[in-house]
């Protein structure tokens, strides 16, 4: 996983750094995302762990995963924001209603509906070596730093643990003077490098399908 982080950094430096995107959700809301040399910044969701979930309406494991992600979003709403990136053919109104019935309670961006969305998804695919199979997730800690990727269906317990691993509480200036009294247990917390290197074993995979998979 750490290798993928290095690839991200090298590719962004080689291209134009700090590319900005304004993406529209299926509900018509704007999400402003800036791609930086070490990750992303999402204007609407500061200081939250971000999961970008690449999925498709014709992908069975993607549909099975929706209730898991919906439950996770509800449970960790104070520190997590999931953003769905639909990467198959355009979603109809009926499709959107069905996704919500299945449990989607987080914003969804439809890749096929705008050039900006396509450029964003394609850029992230190049930066992380995505081969087109779904479900596929990208993780960013609450400082926006890229923390790794996962291909295949994931279990809620594993996702929740990984989010906890990459969430770094913000210490206010007023409480900074108390940091010296924190027990030695805090010194054993994972560094970004160790968190990245262990992330592949934290998330358990189930199955995956290609973007071009046929409807059941």
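Among the helices (runs of 4 or more DSSP H) lying completely within region 1-107, list those that include at least 1 residues that are at pLDDT 95 or above. Walk me through it before giving the result.
Working: elements: 2-14, 60-75, 93-102.
Those helices (runs of 4 or more DSSP H) span 60-75, 93-102.
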- Return the only residue of 48, 24 being in contact (Cβ under 8 Å) with a residue 40 or more places away in the chain and surrounded by fewer than 18 Cβ atoms within 10 Å (Cβ to Cβ). 24
- Message: Could you check region 148-158 and list, in sequence order, the residues that are in contact (Cβ under 8 Å) with a residue 60 or more places away in the chain and within 13 Å of the chain's Cα centre (by Cα)?
- Response: 148, 149, 154
- Note on the structure: Counted residues in region 113-158 being more than 18 Å from residue 81 (Cα to Cα) and in a strand (DSSP E or B) come to 3
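Each row is one residue, and each column tells you yes or no for (1) over 18 Å from the mean Cα position of the chain (by Cα); (2) in contact (Cβ under 8 Å) with a residue 12 or more places away in the chain; (3) crowded, with 19+ Cβ neighbours inside 10 Å; (4) at positive phi.
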{"position": "82", "(1), (2), (3), (4)": "no, yes, yes, no"}
{"position": "86", "(1), (2), (3), (4)": "no, yes, yes, no"}
{"position": "91", "(1), (2), (3), (4)": "yes, yes, yes, no"}
{"position": "105", "(1), (2), (3), (4)": "no, yes, no, no"}
{"position": "111", "(1), (2), (3), (4)": "no, yes, yes, no"}
{"position": "122", "(1), (2), (3), (4)": "no, no, no, no"}
{"position": "125", "(1), (2), (3), (4)": "no, no, no, no"}
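The values are calculated or read from the model by the stated rules, or taken from the named source; none is laboratory data. Just so we're clear, the structure is a prediction, and the values are computed from it rather than from any experiment. No Cβ is skipped: glycine too gets one built from the backbone with ideal geometry, and neighbour counts run over all protein chains shown.
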